[in-house]
Structures are given as structure tokens and as C-alpha cells.
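Here the structure comes first, spelled out in C-alpha cells, and everything after it is commentary.
The values are calculated or read from the model by the stated rules, or taken from the named source; none is laboratory data. Every value quoted in this text rests on a predicted model; they were computed, and no experiment measured them. Here the Cβ is made from the backbone with ideal geometry for all residues, glycine too, and neighbour counts use every protein chain on show.
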Amino acid sequence: MAAAVRQVYLDIETTGLKPEEGHRIVELGAVAYLDEERGGEPREYRQLVNPQRDVPEEARKIHGIGAEDLKGQPTFAKVADDFLAFVKGAKVYAHNAAFDVGFIDSELRRLDREPLAATVAEVVDTYAMARRQNPGGANSLDALARRAGINVEERRKLHGALTDARLLAEVHDFLTQKQDDLSLEQGIEQDVDMAQAASIRRVTLPPSPAAAARNREFLQALRQASGVKPILLDEED
């Protein structure tokens, strides 16, 4: 029997949008379940991280974490081992995973460490899942939560990493159910299409007038060449 793969729902908060512009992680949040059955109480991980730089006001307005909150907090270098141990071997879910993984990998490169993919079993982008199910629609975490009927009042106050990780676990349940429903609908449609195709194959259509005329001309030429009168299948008795 294959070993159960832990599921981890991950979110981060940062000083800005692009690590290549010097922005850093200020908070890590994750919720872990033993396996896909999601049995038992989840384990949670939350850690504020000193980014060793300022926190722009526009970023603070989103997550509520300012420079004063990060004084005395450990740097990423200090918490890297604990964080990687929490996600090791897990199937990691993140909403817009390229953003989260990009920042984490940037921090790991600063430490000459391997990228996150070397530690986890797999990374799944729930935003990509949502776009496949709802192309062209609103697929932010808040929008998906509203469609799923999940209360997001706590999140509207501040986008904390652990709060978002908890919400992502609920949203993933919604997306998985929608995917199952979509697969079922597609299976039913495929069965109907196959039945219709089989029905069409059983219908024998009469030849067109032009085809019937060509058939008569061919048979007339054959009669003249052989002296034998062939049987015309479309002639009346």
C-alpha cells in the first residue's frame, strides 16, 4: 500500500509583488492534513519573518504587517529549516502558486539552498484549477469563497497568510467537487454522443439522384459490353 501523501495549503505575505525587485517575505502560513481524506485535526504553521528591509505602505494596507511588527522577528535564514520540515514530502496547494513559490525560491537561493520543488512532492496551483473550470470569470480566493458560500468577513479585514491558507483548504474542497461534477457531466455527454453516433451508423440513406444516374449509366455500359442484363437494385419489380 502506498504511503499517504500529506496535503499542505500554503500562503505568504510579502513587501511587494516581485522578488527580483528586492521584495521579501514577511509572513509564512500553512495548514497541513495527513492525507487526501482530510481526517483529524490539521496542523498549522505561522511565522512572521523579518525581511531586512522596509515594508511599503501599500503592502501594509493589504496584510496589516508593518515594520514595527517585524522588529525582533527571525529572518528567513533562521526559520528555513522549520518551514521546509513542515512541507517536506507534501502535496502543496497555493493560489497563484508561481507567486508563492517564486518568493520562497528567491529566499532559498539567498541561502544557497535547493528550490522548494526539491523538498515537496508536488505543487498544485488552485488558481489554474479555477480558471479551467471558470475561464474568463473572477477566480480570486475571495471570489471563489463567495461562490462556495464561505464566509470571508475575517479575511476582508486583513489578508493574513494563515487565514488565507485556511480559506484555501475550504476553497479547494469546492473546486474538487466542481471538477467531479464537470467530469460526470462530460462523461454523460460523451455517452450520449456515442449513442447518437451508433444510431447514425445504423441508418442506411438512399443514394442521391446524381449517384443513381451514374449507377444506371455504369450498368448500361456493362450490359452492352457483356450482353448480360445486370440486376438494378433500385428498380421496382
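Exactly one residue out of Gly102, Gly29 is assigned to a helix (DSSP H, G or I), touching a residue at least 40 places away in the same chain (Cβ under 8 Å) and not charged (D, E, K, R), and it is Gly102. Among the residues of segment 1-26, those that are at pLDDT 95 or above, not in a strand (DSSP E or B) and not acidic (Asp, Glu) comprise Thr15, Gly16, Leu17, Lys18, Pro19, Gly22, His23, Arg24. Of all residues in segment 116-145, those being out of contact with any Leu (no Cβ under 6 Å at 6 or more places or on another chain), within 26 Å of Arg24 (Cβ to Cβ) and assigned to a loop (DSSP other than H, G, I, E, B) number 2. Of the residues making up segment 38-55, those that are part of a loop (DSSP other than H, G, I, E, B) and either in contact (Cβ under 8 Å) with a residue 12 or more places away in the chain or surrounded by 12 or more Cβ atoms within 10 Å (Cβ to Cβ) (or both) number 9.
When residues in segment 56-80 are screened for being in a loop (DSSP other than H, G, I, E, B) and either among the hydrophobic types (A, V, I, L, M, F, W, C) or in contact with a helix residue (DSSP H, G or I) (Cβ under 6 Å, 6 or more places away or on another chain) (or both), 2 of them pass. Considering segment 148-191, the residues that are assigned to a loop (DSSP other than H, G, I, E, B) and under 19 Å from Leu10 (Cα atoms) include one that is modelled with the lowest pLDDT, namely Leu158. Filtering segment 85-127 to residues that are of a type in the set (D, E, K, R), surrounded by fewer than 20 Cβ atoms within 10 Å (Cβ to Cβ) and under 19 Å from the mean Cα position of the chain (by Cα) leaves Lys91, Glu122, Asp125.
Residue count for segment 105-115 under the criterion of being in a helix (DSSP H, G or I) and of a type in the set (D, E, K, R): the result is 4. Scanning segment 61-79 for residues that are of a type in the set (Gly, Ala, Ser) and more than 30 Å from the chain's Cα centre (by Cα), we see that the one that is surrounded by the fewest Cβ atoms within 10 Å (Cβ to Cβ) is Gly72.
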